Structure formats: structure tokens, C-alpha cells
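Below you'll find the structure, written out as C-alpha cells, and then a few comments.
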Amino acid sequence: MLKKLIKYLMAYKYLMVGVLLATLASTCAKMLYPWPMKLLVDNVLGKQPLYGHVLEGSLSILALIALTYVVLAGLNGLTNILGQRWLTKVNQKASLDLSGDLYAQMQRLSLRFHDRVRVGDMVVRLTADVEQLQKAFVSGLSMVTISTFTVLGITVTMFLVDWRFALVALVVLPPYLMIFSTFRSRVRDASRAVRSSEGARASAAYETLSSIRVLKAFCQEGREQKRFVNQMRSKMKASVQAATWEGMFSLLVGVASAVGVAIVMGYGGWRIIQGDLTLGEMYVFLHYLTALYMPLQELTCLTTVVQKASVSAKGIGELFEAAPEVLESPNAVTLKRVRGRIAFEGVWFSYEPNRPILKGIDLPIMAGEVMAVVGATGAGKSTLVSLIARFYDVTRGRVLIDDKDVRDLSLRSLRNQISIVLQDTILFSGSVRDNIAYGRPGATKYEVLNAARAAQAHEFILDLPEGYDTYVGERGVTLSGGQRQRIAIARALLKDAPILILDEPTSSVDRESEGLILKALGRLIVGRTVVIITHRQSTSELADCVAVLSDGVITEVGRPEELRANGRFYGRLLAL
């Protein structure tokens with residue numbers, strides 16, 4: 001994951017070079033900070049000659065010293081502004097690239113992955129984890145770059161000025177390293193616990209809020225409140241533990257710094273008494289020592305940010321490493337418009353090893369034929385039609401479209417041949433018009449209206465507050481089930497795909513809505529190969545052929561009137 005992050009940053013290497021140069025200039029300005037004061041203390045106030053000249057009482061020298069200090073401060077401020085501006089630009093661009101790639105990866109991953117991963121956890125990875133990495137980009141990069149240059153610059157300068165004093169000043173480095181190595185793993189583990197509890201909390205909140213109607217219907221507000229509070233309590237405990245380790249870390253670092261300053265003050269004072277060191281030189285070393293310990297403290301405090309970011313990076317890295325189970329063949333064939341012949345040949349499928357859902361399915365569907373698939377709940381009907389669009393790959397056997405194995409086709413061109421109308425119709429936040437045109441974003445207003453009319457939706461859409469521009473709300477909750485279903489049919493009509501899959505299109509609507517939907521379906525199925533999953537006679541009677549699926553096996557295939565007459569499963573189903 002570190003290599004991937006560096007790759008995102010290096011895409012903007014010229015900006016990074018600018019950041020590096022600005023940081024170098026800022027460091028040089030900081031290195032010169034104490035020298036005007038040394039000149040003032042030793043050579044102006046202390047009357048020590050400078051290159052044979054006595055500077056006492058020279059107002060021009062005093063003005064020059066003051067001006068030099070102001071210029072250095074201005075140079076440091078200007079280079080800091082430039083460096084931070086460029087670094088922020090790099091960070092925002094890299095974060096944008098990372099978020100975009102992560103979102104694309106989430107969409108590439110197969111349905112089997114999404115079936116087993118909590119949505120809340122995915123949202124946390126896409127938002128909080130990326131934000132944590134973004135924070136590490138800004139504070140981490142700037143702090144590491146500035147602190148590294150500062151520490152190296154100060155160390156080299158101190159050794160050039162007085163190597164003995166430099167050795168005394170750096171005596172605190174071994175304790176720093178010992179503290180760092182001791183607390184690094186503890187801070188990381190505590191940060192990981194916080195991150196895990198955040199994911200659980202987000203998942204609990206998302207699950208509850210997305211099912212708010214069920215919660216209210218069963219009066220479970222108290223239970224869900226208790227569950228959420230328990231998740232928050234777990235996060236609180238983890239956060240307190242993390243803060244404790246961070247506090248102890250900062251305490252020991254501060255004590256080590258104070259010990260280092262005390263040693264330098266004692267050693268410097270003794271040398272001044274001995275006449276071996278001037279007061280100005282003592283000031284220079286104390287300034288450098290303070291400037292040295294500050295970036296060291298920042299680097300050690302950065303451990304917390306880095307450890308939190310490493311936990312986030314681990315979660316994001318797992319997503320990037322997850323391989324889609326449904327992979328496109330390197331030599332995938334791009335489909336043009338198909339005739340629509342579908343064939344299941346010896347198809348076996350299981351979600352878990354040794355627990356097959358489909359068992360040796362052989363089912364041909366002719367081009368332009370309407371095939372109804374009926375069967376008890378859990379028989380595998382929805383799984384069967386999911387294989388046509390290759391949402392999952394068969395365990396054994398093959399699924400063919402126009403005699404081509406779907407695994408040999410490009411996923412985009414395959415799914416462009418298929419329209420799907422689900423029982424639980426999914427609409428998106430936006431206008432009615434946008435939802436109808438979802439499968440064809442470039443559709444004209446005239447095409448959208450025609451699709452709505454054919455789907456028996458035009459009249460009720462006109463009665464909405466803003467007609468086709470009415471905002472339907474998340475998942476279309478502001479519309480009735482029948483209205484949502486007719487919009488879904490209009491969406492399928494507008495896509496105009498040669499293969500149509502209908503998954504219980506009328507099971508959750510009233511009789512009046514069912515009649516309108518059936519009328520719309522009658523227009524939708526003309527000239528298409530259609531697979532209908534249904535329990536209702538009214539829907540199955542639209543079919544040319546009916547296949548009965550029982551416990552993962554096809555037990556009956558025939559025309560509706562034939563199966564109705566033989567009195568087996570289909571006949572009993574209609575009787576019920």
C-alpha cells in the first residue's frame with residue numbers, strides 16, 4: 001500500500017520538487033536565525049571585535065542586524081506559504097485520485113464480495129480512511145520533510161561550530177529512539193481498535209437508518225438505540241486507551257527533551273565560566289537545541305498520525321487487493337445486438353463449497369421466447385437468472401447467449417444486451433426523468449416520455465408536483481410500489497435491450513397496479529427474449545413456456561396450459 005501511495009504522490013513530482021525546494025529554503029532561513037542575535041550579544045554588546053573591527057555603538061550595525069532578522073523571518077514565512085500551498089495541492093490531487101480509484105474498485109468487485117461485506121464498513125473506508133490518509137499526506141509529508149531537513153541542518157551546523165557541544169546536545173537521541181520503538185506498536189494496536197469500532201458503529205447506523213420503517217413498525221427504537229450506544233461505548237474505550245498511550249508517549253518525549261536542555265545549559269554555563277564559550281555561542285546552541293528537539297517531538301508525535309493512517313491504509317489496501325471473482329477474459333468478445341437465444345447447459349452453482357444451489361440445469365430459451373421460471377421460495381430462481389448477466393460465474397457447466405459462452409464476452413457488452421426489472425425496485429435520488437433515463441443518460445425528452453407512456457407511467461408522473469422533474473428521494477421512497485415498478489419498466493423500455501429479466505415484477509403491488517403493470521409488460525416483452533420469475537398466474541400466463549424449479553433442479557418444462565392440465569407442481573401452484 002505504501003508503494004501505491006507513493007505512486008499517487010509521484011504523479012505530481014514537479015509540485016513535489018517545488019515543495020522540496022521551498023522546504024530547503026525555509027530550513028536555511030531557520031539555520032541563520034540565531035546568528036544576528038549572536039552578533040548583537042558578542043560583538044555589539046559584548047564588545048568583541050569582528051574581523052578586527054569593534055562594532056560597539058554602531059547604529060547602522062544594529063539596524064542591519066534588525067533588518068536581517070526581519071528578512072529571515074519573511075523568507076521563512078514566504079517559503080512556508082509556497083511549500084504548504086504546493087503540498088496541499090499535491091495532497092488534494094492525490095486524495096482525489098485515490099478516492100476515485102477506490103470507488104471504481106468497489107464497483108469492480110463481484111456481487112459475492114458485496115454480499116458478505118457490510119455497507120457501513122465500505123463507506124468508512126471510502127470516507128474516514130481516505131480522510132485519515134489525506135491527513136497523513138499533509139501533516140506527515142510536510143512534517144517529515146521539514147523536520148528531516150531541520151534536524152540534518154542543525155546537526156551539521158552544530159558540529160561545525162563546536163563538535164564537543166554538539167555531542168552533548170545529541171546525548172538525548174538514544175532515549176528518543178528507545179521511547180519511539182517502545183510505544184510505536186502500542187499506539188498502532190490502539191488505533192486499529194478505534195478504527196474497527198468506527199466501522200462497526202457506521203454499519204449499525206447505516207443498517208438502522210436504511211430500515212427505519214421496519215424499526216418503527218416493530219417499535220424497536222430502544223433496542224437499536226442500545227445497540228448503537230454499545231458500539232459508541234466500544235469506540236470510547238478504544239479511544240481512551242489510544243489517548244492514554246499517546247499521552248504517555250508525549251510525556252516521556254517531553255521529559256527527555258527537558259533533560260537534554262538541562263544538560264546543555266549546565267555544560268554551556270560551565271564553559272562560559274571557564275571562559276571557553278561566549279554568551280552568544282551559548283545562545284546559538286540553545287536556539288539550535290530547541291529547534292532540534294521541536295522537530296524530533298513532532299516526528300515522534302507524528303507516530304500517532306502515521307499509525308492511524310497505517311490502519312486506514314491496511315483497510316484500503318485489502319480492498320485494492322481483493323480480486324473480482326467475475327473476471328473478463330483477455331480475449332473477450334464484444335457483442336453487437338444479439339438475437340437473444342439463451343441456453344443453460346449442465347449448470348451447477350453454489351455460494352459456498354459443497355452446498356449447491358443449482359444442480360445440473362439444462363434449459364434452452366429460444367430467441368424471442370417468453371420463459372417463466374416458477375418454484376418455491378429458495379429453489380434458486382433468482383440465482384438462475386443472475387447467471388445470465390454474469391453477476392456470478394457458474395461452478396460447472398456454461399451459460400450461452402447466441403451460442404457464445406458468457407465467460408467469453410466482455411462484461412459491458414453482455415450487460416448492455418440485458419434489461420432487468422426487479423421485485424424490489426431500486427430508484428436513485430434525483431428526478432423521475434433521470435431515473436427513467438438511467439440506462440441511457442443521453443436519451444431525449446421525447447424518448448423518455450414515450451417510454452413512460454408505454455409503461456403506463458405518464459399519467460401519474462404528470463400528477464406529481466413537478467412532473468418529470470419531481471425529486472423522488474433516496475430509493476424512490478416518495479412513490480408507491482406500483483409507481484416505482486412502472487418507472488422501472490419505463491427504464492427497461494428506454495434501454496431497449498434484446499434480453500429482458502423480470503424478477504417478480506407484480507408480487508408486491510395491488511390488483512389495480514398489477515393490471516397496469518401487466519399492460520406495460522405486454523408492450524415491453526414484444527420482440528424480446530424474456531425470463532420471468534413469478535408466483536402469479538397472471539404473470540406466468542404471459543409466457544410461451546414455463547420451467548418449474550424445485551430444490552435446484554428443473555422438474556417440469558412446457559406450455560402454461562399443458563402444465564396447468566397435468567396437475568403437478570405448476571397446477572397445484574395455480575390452484576393455491
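The values are calculated or read from the model by the stated rules, or taken from the named source; none is laboratory data. The structure displayed is predicted, hence computed values, not measured ones. Cβ coordinates were reconstructed from backbone atoms using ideal geometry, including for glycine residues, and neighbour counts include every protein chain displayed.
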Pull up region 491-500, narrow it to residues that are crowded, with 23+ Cβ neighbours inside 10 Å and under 20 Å from LEU387 (Cβ atoms), then point me to the one that is modelled with the lowest pLDDT.
ALA492
Residue among VAL161, VAL171 that alone is surrounded by fewer than 17 Cβ atoms within 10 Å (Cβ to Cβ), among the β-branched types (Val, Ile, Thr), in contact with an Asp or Glu (Cβ under 8 Å, 6 or more places away or on another chain) and at pLDDT 75 or above
VAL161
So is ILE533 closer than 18 Å to ILE420 by Cα, out of contact with any Gly (no Cβ under 8 Å at 6 or more places or on another chain) and touching a residue at least 12 places away in the same chain (Cβ under 8 Å) or not?
yes
Scan region 427-444 residue by residue and report those that are under 18 Å from VAL472 (Cα atoms) and at pLDDT 85 or above.
SER431, VAL432, ARG433, ASP434, ASN435, ILE436, ALA437, TYR438
For region 87-98, indicate whether the set of residues that are touching a Lys or Arg at 6+ places or on another chain (Cβ under 8 Å), assigned to a helix (DSSP H, G or I) and modelled with pLDDT of 80 or more is non-empty.
no
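Yes/no matrix, rows are residues, columns are (1) buried (at least 19 other Cβ atoms within 10 Å of the Cβ); (2) at pLDDT below 90; (3) not hydrophobic (A, V, I, L, M, F, W, C):
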| position | (1), (2), (3) |
| --- | --- |
| GLY368 | no, yes, yes |
| ALA372 | yes, yes, no |
| GLY378 | no, yes, yes |
| ILE388 | yes, no, no |
| VAL394 | yes, no, no |
| ARG398 | no, no, yes |
| ILE401 | yes, no, no |
| ASP405 | no, no, yes |
| LEU409 | yes, no, no |
Count of region 437-490 residues which are of a type in the set (Lys, Arg) and either closer than 17 Å to SER419 by Cα or crowded, with 18+ Cβ neighbours inside 10 Å (or both):
3
Across region 411-426, what is the number of residues that are at pLDDT below 80 and out of contact with any strand residue (DSSP E or B) (no Cβ under 6 Å at 6 or more places or on another chain)?
3
May I ask you to list the residues in region 359-397 that are in a strand (DSSP E or B), farther than 22 Å from PHE113 by Cα and charged (D, E, K, R)?
LYS359, ASP362
Which residue, of ILE273, ILE263, is in the same structural domain as VAL161 (by TED's automatic domain parsing), without any contact (Cβ under 8 Å) to a residue 12 or more places away in the chain and not hydroxyl-bearing (Ser, Thr, Tyr)?
ILE273
